[in-house]
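Novice: Below you will find the structure I want to go over with you.
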Amino acid sequence: MQAESIMTKPVITTDANATIAEGIELMLSNKVSCLPVTNSDGTLVGIVSKSDFLRREELGTQRVRPRWLEFDLGPGTTANDYMRSNGRIIHEVMTTHVISAPPGASIADIVDLMMQHRINNVPIVDRERVVGIITRTDLLLVLIRAIPKQGTPPPDDDLIRKAILAELQPQTWSGGDLIDVRVSNGFVELKGAIVDERQRKAAIVAAEKVAGVGQVKDGLFLNTDPFSVMVS
């Protein structure tokens, strides 16, 4: 699945010369958390988000640094802090280095960008123009559609067992074939040895994600001497 198939469009944008009051009102009225900033031709020049309005003198939340740190950082950093806390125009507070993606980017690409850069929104840009935006909400909508719905007829027990084993065996944490799976009328029992309690939770999750599983019974036991399992 590519970005263009899940992105939100059209995009609510703002102009670099708009006031921050206009930007805030635009966010509130459209219930969005960020605004790509564009030129008159639609070219992306920046982005402004709710977090850009948190360090404000009006709120008494402007950044205050110790004098010795201000001296070490130099006048450029402190001047930038002042501008972002007191600026009245969007271009004075916006982020100019925008993390964006092309329409053909995959969902995995988008998630990697969000996690790596700790951002919540990724503008989708084609030929330097904003054509859409993907938010974390967009990804949650894709996720909820992908999760199997409850109440679907359970498949054959043997098929369930094979599906769980197929999920477990490639996982490096599962210990290969050390975890056995038994299935009866859609109810699953996990048997075998683990060496870490986190393996127990992961194995249960691996079973629960398989379509048709009604309930998972934990029959795994913690073995503090993993070498005894390997020898036996």
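Novice: Using mean Cβ contacts within 10 Å as the protection proxy, how do 130-136, 160-166, 96-102, 25-31 order, highest first?
Specialist: 130-136, 160-166, 96-102, 25-31
Novice: Give me the mean projected area, in nm² to one decimal, of the convex hull enclosing the Cα positions of the stretch 55-122. Don't skip to the answer; put the middle values down first.
Specialist: Working: hull surface 25.3 nm².
Its Cα hull, projected and averaged over all orientations, spans 6.3 nm².
Novice: Using the C-alpha gyration tensor of the stretch 1-121, what are the square roots of 5 times its eigenvalues, in whole angstrom, with the largest one first?
Specialist: Semi-axes from the Cα gyration tensor: 29, 18, 13 Å.
Novice: For the chain, compute the orientation-averaged projected area of the C-alpha convex hull (one quarter of its surface), in nm².
Specialist: It is 19.8 nm².
Novice: Show Trp68, Trp173 ordered by accessible area, largest first, where the area counts protein heavy atoms only and the probe is 1.4 Å.
Specialist: Solvent-accessible surface, decreasing: Trp68, Trp173.
Novice: Under 26 Å Cα-Cα from Lys191, which lysines qualify once same-chain neighbours fewer than 8 residues away are excluded?
Specialist: Straight-distance partners of Lys191: Lys162, Lys201, Lys209, Lys217.
Novice: Still on this model: Of the heavy-atom accessible surface of the chain (probe 1.4 angstrom), what whole percent is carbon and sulfur? Display every interim value, and only then the final one.
Specialist: Working: 8140 of 14650 Å².
Roughly 56 percent, rounded to a whole number.
Novice: Under a straight-distance cross-link criterion of Cα-Cα below 25 Å, which lysines are reachable from Lys50, leaving out those fewer than 8 residues away in the same chain?
Specialist: Lys9, Lys31
Novice: So what's the gap between the Cα centers of the stretch 1-62 and the stretch 76-129, to the nearest angstrom?
Specialist: Value for the Cα centre distance between the two parts: 10 Å.
Novice: Quickly rank 180-188, 38-46 as a protection proxy: mean count of other C-beta atoms within 10 Å, highest first.
Specialist: 180-188, 38-46
Novice: Looking only at Glu167, Glu22, Glu57, which one moves most when the chain is put into a Gaussian network model with springs between Cα atoms under 10 Å?
Specialist: Among Glu167, Glu22, Glu57, the largest mean-square fluctuation in the Gaussian network model of the chain belongs to Glu167.
Novice: For the stretch 1-65, what is the Kirkwood estimate of the hydrodynamic radius, computed as the reciprocal of the mean inverse distance between distinct Cα atoms, to one decimal in Å? Intermediate results must be reported in sequence, preceding the final value.
Specialist: Working: mean 1/r = 0.0747 Å⁻¹.
The Cα-based Kirkwood calculation yields 13.4 Å.
Novice: Below 8 Å, C-alpha to C-alpha, sequence gap of six or more: please give me the relative contact order for the chain in percent.
Specialist: Value for the chain: 17 percent.
Novice: Quickly estimate the mean residue ellipticity at 222 nm for the chain, helices only: each DSSP H run with n ≥ 4 gives -39500 (n - 2.57), and the total goes over all residues, rounded to 500.
Specialist: Mean residue ellipticity at 222 nm (helix-derived): -11000 deg cm²/dmol.
Novice: Using the heavy atoms of the protein chains alone and a 1.4 angstrom probe, what is the accessible area of the stretch 113-220 per residue in square angstrom? The partial results should precede the final answer.
Specialist: Numbers: 6810 Å² over 108 residues.
For the stretch 113-220, the per-residue accessible area is 63 Å².
The values are calculated or read from the model by the stated rules, or taken from the named source; none is laboratory data. Quick caveat: nothing in here was measured; it's all calculated off a predicted structure. Every residue, glycine among them, receives a Cβ derived from its backbone with ideal geometry; neighbour counts consider all protein chains shown. The area values use the complete protein model at the heavy-atom level, side chains included, leaving out ligands, DNA and RNA. Shrake-Rupley method; radii C 1.70, N 1.55, O 1.52, S 1.80 Å.
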